[in-house]
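Data first, discussion second: the structure below is written as structure tokens.
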Amino acid sequence: MSFFKKKISNKSDEDLLDLYGQTNLIDYFGELYNRYIPLIYGLCLKYLQNIEKAEDATMELFEILLPKISGYEIKNFKTWIYSVTKNHCLQILRKEEQTVFVDFNAEIMESDPVLHLLEENGSEEEIAALKHCLEKLPKPQKMSISMFFIEEMSYADIAEQTGFLLKTVKSYIQNGKRNLKICIEKHQNV
């Protein structure tokens, strides 16, 4: 083991992230990523249920994250990489159009008429009302609604990108949907 490798292996996750952000030396991110390969691979295997796909996904994540990692504000790398890995696996499954069994509950199930408008299945008048009302939402609600329904991002992805807490993202989406529904109903009754 070289002196450099030995020196960086003693660094904390936070230190390695800071050093990578400052220098862009792959060794720092590589060291950090290697610490979590068992977690990443295990999670990929759990979701993808295929050894080769799990190995590929583990390597893909490194390649995807390497150029982007310095753009994220990461407080706890282990929690963050877990969330990113899970989302990456779910995206792979979506692309392959495999069924992912999830425990649905009333909070997760989305069957509101506003949601059908967000998918742009409504009339021109309804779509115009939706666009008008979307602009009237408070900025955090508008951002969360747009990211969730239009960009099809997960709650975790929205929280990661905006810096909002996960609970706050859920709240913004729920309140935003309620406010959109009220506004659209008023707009259509005018």
(message) Take the residue pairs K95/K170; K11/K75; K95/K181; K46/K95; K95/K131; K78/K167 and return only those whose Cα atoms are more than 27 Å apart.
(response) K95/K181; K95/K131
(request) Set Lys and Arg Cβ to +1 and Asp and Glu Cβ to -1, take the dipole of the range 3-95 about its Cα centre, and tell me which of L61, L45, I74 lies farthest positive. (result) L45
(request) Pull out the extension gain between L93 and D18, defined as 0.36 nm times the separation in residues minus the alpha carbon to alpha carbon distance; nm, one decimal. (result) 23.7 nm
(message) Normalised radius of gyration for the range 3-95, please: alpha carbon Rg relative to 2.2 N^0.38 Å, two decimal places.
(response) 1.09
(request) Under 15 Å from a label point 7 Å along Cα→Cβ of L25: give me every residue in the range 49-77 with its amide N that close. (result) none
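Taken together, the values in this text are just the output of simple stated rules run on the coordinates, not laboratory data. Just so it is clear, the model here is predicted, and its values are computed rather than measured. Please note: Cβ atoms are built from the backbone with ideal geometry, for glycine as well, and neighbour counts cover all protein chains shown.
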